[in-house]
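Let me begin by presenting the structure, written as structure tokens, before commenting on it.
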Ligand code: IPE
Ligand code: IPE
Ligand code: MG
């Protein structure tokens, strides 16, 4: 689809959901579903940046996902380690910076933490766009973490309480990114599941039934078309669009 005359969102966030059900429908294992999901993320994220979107956040593994079987958690952690290196090369070619959001401590394995830090360091000068990969991420954990950082600065007399405001609070989150314009959750679930609670405050939301491995560029185009039809008022009134 041609995006040139469209008002594209700056920041798109996607909850990558439905890998397991996608696999189950095809008589495959959940692991194969996660592999297919990762392949799709590789293709879809390139498409999204080619269309001029500047920031893409993806929910790959939540703090709550550690409740899953050891087998599934281990498989996903190994998948990250196995696939991220080639993904880094791909994003470097496109000039995309890779950042990660989430707690960098147990139960996240040290080998994943090391890789995350290596990838961030290696892509930090890229300027064309940002992919924010959320692993061991929770919206509550992010807000609590930010609060602790702020308290520490206040106690050290490096920040006064009066200086804290809605603009600079963002700076203490895992990454200082613009607010989310469009949230997509695949697989038909209509909930947030602890994702980017602070950044989603005025996001437009889109909940397609498609499972993530099948959510391709055509499906993304549909999300954008829907987004362009939304009247984003931010609490005000768009007098030009008013029909009465
Ligand atoms: C999303 O797919 C990927 C992760 C949460 C890691 P799911 O694994 O949640 O797939 P379903 O929801 O069981 O189909
Ligand atoms: C949300 O999906 C987390 C990720 C996609 C990483 P889940 O499949 O874990 O969410 P719930 O359990 O259905 O809310
Ligand atoms: Mg799920």
Set 141, 193, 160, 201: member being at pLDDT 95 or above, touching a strand residue (DSSP E or B) at 6+ places or on another chain (Cβ under 8 Å) and over 25 Å from residue 50 (Cα atoms): 193
Any residue in segment 68-85 that's under 16 Å from residue 106 (Cα atoms): show its pairings with residues that are outside any helix (DSSP H, G or I) and away from ligand 2 (no atom under 14 Å from the Cβ) at Cβ separation under 7 Å, as long as the two are six or more apart or on different chains. 77/109
Out of all the residues in segment 1-32, which are crowded, with 22+ Cβ neighbours inside 10 Å, at negative phi and within 15 Å of ligand 3 (Cβ to nearest atom)? 14, 15, 16, 17, 19, 22
Out of all the residues in segment 1-38, which are within 16 Å of ligand 2 (Cβ to nearest atom) and under 17 Å from residue 56 (Cβ atoms)? 12, 13, 14, 15, 16, 17, 37, 38
I'd like to know if segment 130-138 contains one or more residues that are at positive phi, modelled with pLDDT of 95 or more and either touching a strand residue (DSSP E or B) at 6+ places or on another chain (Cβ under 6 Å) or surrounded by 12 or more Cβ atoms within 10 Å (Cβ to Cβ) (or both). yes
So residue 234 passes all but one of these: (1) under 28 Å from residue 60 (Cα atoms); (2) not in a helix (DSSP H, G or I). Which condition number does it fail? (1)
For segment 3-16, indicate whether the set of residues that are closer than 27 Å to residue 198 by Cβ, in contact with a helix residue (DSSP H, G or I) (Cβ under 6 Å, 6 or more places away or on another chain), within 15 Å of ligand 1 (Cβ to nearest atom) and modelled with pLDDT of 95 or more is non-empty. yes
Please list, ordered by first then second residue, the pairs with beta carbon atoms under 6 Å, 6 or more apart or interchain, first in segment 2-26 and under 30 Å from residue 175 (Cβ atoms), second more than 16 Å from ligand 2 (Cβ to nearest atom) and part of a strand (DSSP E or B). 9/182; 11/55; 12/182
Selection from segment 158-193 of residues that are touching a residue at least 24 places away in the same chain (Cβ under 8 Å), in a loop (DSSP other than H, G, I, E, B) and more than 17 Å from residue 141 (Cβ to Cβ): 178, 179, 180, 181, 189
Segment 194-227, subset assigned to a strand (DSSP E or B) and touching a helix residue (DSSP H, G or I) at 6+ places or on another chain (Cβ under 9 Å), residue farthest from ligand 1 (Cβ to nearest atom): 204
Only residues that are surrounded by fewer than 10 Cβ atoms within 10 Å (Cβ to Cβ) and over 19 Å from residue 90 (Cα atoms): list them for segment 102-128, please. 105
Considering only segment 179-193, state which residues are more than 16 Å from residue 134 (Cβ to Cβ), away from ligand 1 (no atom under 16 Å from the Cβ) and out of contact with any helix residue (DSSP H, G or I) (no Cβ under 8 Å at 6 or more places or on another chain). none
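The values are calculated or read from the model by the stated rules, or taken from the named source; none is laboratory data. Fair warning: this is a prediction, and the values are worked out from it, not measured in the lab. Glycine gets a Cβ as well: all are built from the backbone with ideal geometry, and neighbour counts include every protein chain shown.
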